[in-house]
1. State all residues of region 11-26 that are out of contact with any Leu (no Cβ under 6 Å at 6 or more places or on another chain) and either within 17 Å of Met1 (Cβ to Cβ) or hydrophobic (A, V, I, L, M, F, W, C) (or both); if no residue qualifies, say none.
2. Sort through Ala37, Ala22 and tell me the only one that's in contact with an Asp or Glu (Cβ under 9 Å, 6 or more places away or on another chain) and at pLDDT below 95.
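The values are calculated or read from the model by the stated rules, or taken from the named source; none is laboratory data. Just so we're clear, the structure is a prediction, and the values are computed from it rather than from any experiment. We place every Cβ from the backbone using ideal geometry, glycine too, and count neighbours over all the protein chains shown.
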Amino acid sequence: MFTDLGTARKSALTLSKTLMAATMVIAIGTQFAVITADDFDGDVAVLNEYDPFA
């Protein structure tokens, strides 16, 4: 979990490039988290998506 959106975005981009998988930054209350697109179930607000193939 991150409290800074900029840090969450950088982590998501790095993770996406490392895993070669799409990642998302999601908002949970006042904090942010990074998940892979495979783990997304639609219950949270997606702030950013990173696709290493785009």
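1. Within region 11-26, Ser11, Ala12, Leu13, Thr14, Leu15, Leu19, Met20, Ala21, Ala22, Met24, Ile26 meet the criteria.
2. Being in contact with an Asp or Glu (Cβ under 9 Å, 6 or more places away or on another chain) and at pLDDT below 95 holds for just one of Ala37, Ala22, which is Ala37.
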